[in-house]
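What follows is calculated from the coordinates using simple rules that are stated; it is not laboratory data. All figures in this text were calculated on a predicted structure; none of them were measured in a lab. Counting neighbours? That spans all protein chains shown, and the Cβs are built from the backbone with ideal geometry, glycine included.
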Amino acid sequence: MSHKQARPVESERVPLKARNVSFSWEGTPLHWVPGDPFTTHTINVLHLLLPAGERWFVHVYKQALPLIRDDRLREDVVGFIGQEAMHSQAHDEVLPHLREQGLDPTPYTAQVDWFFEKLLGDRTLPPGRARHWWLLERVALIAAIEHYTAFLGDWVLNAAELDRRGADPTMLDLLRWHGAEEVEHRSVAFDLYQHVDGGYRRRVRTWATAFSALVFLWQRGVRFFLENDPTLTGGKASFREFHVRGRQGTLPSTGDMLRSVPRYLSRSYHPSQECSTAQAVAYLAASPAATAAERRAA
Ligand SMILES: [Fe+2]
Ligand SMILES: [Fe+2]
């Protein structure tokens, strides 16, 4: 039935390019949202999840490239790989700065590495159906995760409350450069999944897995930061704290997050129906890190 098929918005598509950004962290305080370690560390979890997570995206997509029978999609996937490799590296470069401030993330990142490299890595499967099945599962998982990276990208581009609270401009630029590229390439993972499989049951199943894993890893990450932050005593992570920050606008709201679930599970969903490419492109044209990268490239 045609009305139930994914409907892409063609005008939202842009050619993708990786921007070779760099950031210097010397001036960024430990609590880069002033006076709010909970918000700071909830967002900081990104620096622990994304280096391994986005490396894994790239690893899986290199295996999926030979399955692509459409030149435009292949071009998008190659652009996506370039952007995600850069994101992974940029977040990884925050970790030495955390260590200098007395917060060594290694105990947590070791678990994240195990999760992506072992649990979700290449299993010793014989070439053929089993190996192909495992590749499709992972391509579908990435499509579900990218629903959330686009959601977060759109959120951070619009999170004016972080500016009002005096959040560190370098960290905001990292988050918004990354968020803007997530918005730019938000359709690629879904289009790739539709191209290689597109089954609705697999979409639902892998969404449930991705969502549960993200919630699990995220709350563990926040707890890890609050327990190991040398300036805090008895820092606790609670859902209530998260909910309150969502209402204040320093974190995504619980309501927005819940409303994003049925959208991804709708049969007519396409990522191009969400977020604004124009806003992402406008941010990238003004971002200090992205414009410096353009100048270096020129
Ligand atoms: Fe990314
Ligand atoms: Fe992405």
(request) Could you tell me which trypsin sites (Lys or Arg not before Pro) in segment 71-179 are loop residues by DSSP with no more than 11 other beta carbons within 10 angstrom of their beta carbon? (result) 123
(request) On a C-alpha basis, how far is the centre of segment 166-244 from the centre of segment 262-297 in Å? Whole number, if you could? (result) 17
(message) Treating only the Cβ of Lys, Arg, Asp and Glu as charged (+1, +1, -1, -1), what charge dipole size does segment 125-210 show about its Cα centre? Round to the nearest 20 debye.
(response) 640
(request) Please give the length that would be gained between residue 125 and residue 231 if that part of the chain were fully extended, namely 0.36 nm times their separation in residues minus their C-alpha to C-alpha distance (nm, one decimal). (result) 33.4 nm
(request) Determine ³J(HN,Hα), in whole Hz, for all residues of segment 132-142 in sequence, where each value follows from phi through the Karplus function 6.51 cos²θ - 1.76 cosθ + 1.60 and θ = phi - 60°; x replaces Gly and Pro. (result) 5, 4, 5, 5, 5, 4, 6, 5, 5, 4, 5
(message) Please arrange 253, 266, 187 by how many other C-beta atoms lie within 10 Å of their C-beta, fewest to most.
(response) 266, 253, 187
(request) Please work out whether segment 144-298 counts as rounded, prolate or oblate from its C-alpha gyration tensor, where a ≥ b ≥ c are the square roots of the eigenvalues and a/c under 1.5 means rounded, while otherwise a/b larger than b/c means prolate and anything else oblate? (result) oblate
(request) Divide the volume of the convex hull of the Cα atoms of segment 204-288 by its number of residues and quote the answer in cubic angstrom per residue. (result) 150
(message) Restricting to DSSP H runs of at least four residues, report the calculated mean residue ellipticity at 222 nm for the chain, -39500 (n - 2.57) per run over all residues, nearest 500 deg cm²/dmol.
(response) -21500 deg cm²/dmol
(request) For segment 161-166, take each phi angle, set θ = phi - 60°, evaluate the Karplus expression 6.51 cos²θ - 1.76 cosθ + 1.60, and give the result in whole Hz per residue in order, putting x for glycine and proline. (result) 4, 5, 5, 4, 7, x
(request) Convert each backbone phi in segment 64-70 into a coupling constant with the Karplus relation 6.51 cos²θ - 1.76 cosθ + 1.60 (shift: θ = phi - 60°), then list the ³J(HN,Hα) values in order as whole Hz, x for Gly and Pro. (result) 7, 3, x, 7, 7, 10, 9
(request) Give me 151, 115 ranked fewest to most by other Cβ atoms within 10 Å of their Cβ, as a rough exposure proxy. (result) 115, 151
(request) Give, as a single signed number, the net charge of other residues whose beta carbon lies under 11 Å from the beta carbon of residue 134, with Lys and Arg counted +1 and Asp and Glu -1. (result) +2
(message) If the reach is capped at under 17 angstrom between alpha carbons, list the aspartates and glutamates near residue 118, excluding any in the same chain fewer than eight residues apart.
(response) 54, 137
(request) Indicate the gyration tensor shape class of segment 246-298 (rounded, prolate or oblate), computed on the Cα atoms with a ≥ b ≥ c the square roots of the eigenvalues: a/c under 1.5 is rounded; otherwise a/b larger than b/c is prolate and the rest oblate. (result) oblate
(request) Estimate the FRET efficiency between residue 216 and residue 63 by the formula 1/(1 + (r/R0)^6), using the beta-carbon distance for r and 30 Å for R0, to the nearest 0.05. (result) 0.70
(request) Find the relative contact order for the chain and round it to a whole percent, using C-alpha pairs within less than 8 Å whose residues are 6+ positions apart. (result) 32
(message) Taking 8 Å as the Cα distance limit and 6 or more residues as the minimum spacing, I'd like the relative contact order of segment 38-91 as a percentage.
(response) 56
(request) For every other residue with a beta carbon closer than 14 angstrom to the beta carbon of residue 20, add +1 if it is Lys or Arg and -1 if Asp or Glu, then tell me the sum. (result) 0
(message) Neighbour counts of other C-beta atoms within 10 Å: give me 276, 24 arranged from fewest to most.
(response) 24, 276
(request) Calculate the spin-label point distance for residue 278 paired with residue 266, positioning each point 7 Å from the Cα along the beta-carbon direction, and give it in nanometres. (result) 2.1
(request) Tell me the GluC sites (Glu not before Pro) within segment 1-110 that lie in a loop according to DSSP and have at most 14 other beta-carbon atoms within 10 Å. (result) 26
(message) For segment 41-158, take N as its residue count and report Rg(C-alpha) divided by 2.2 N^0.38 Å.
(response) 1.17
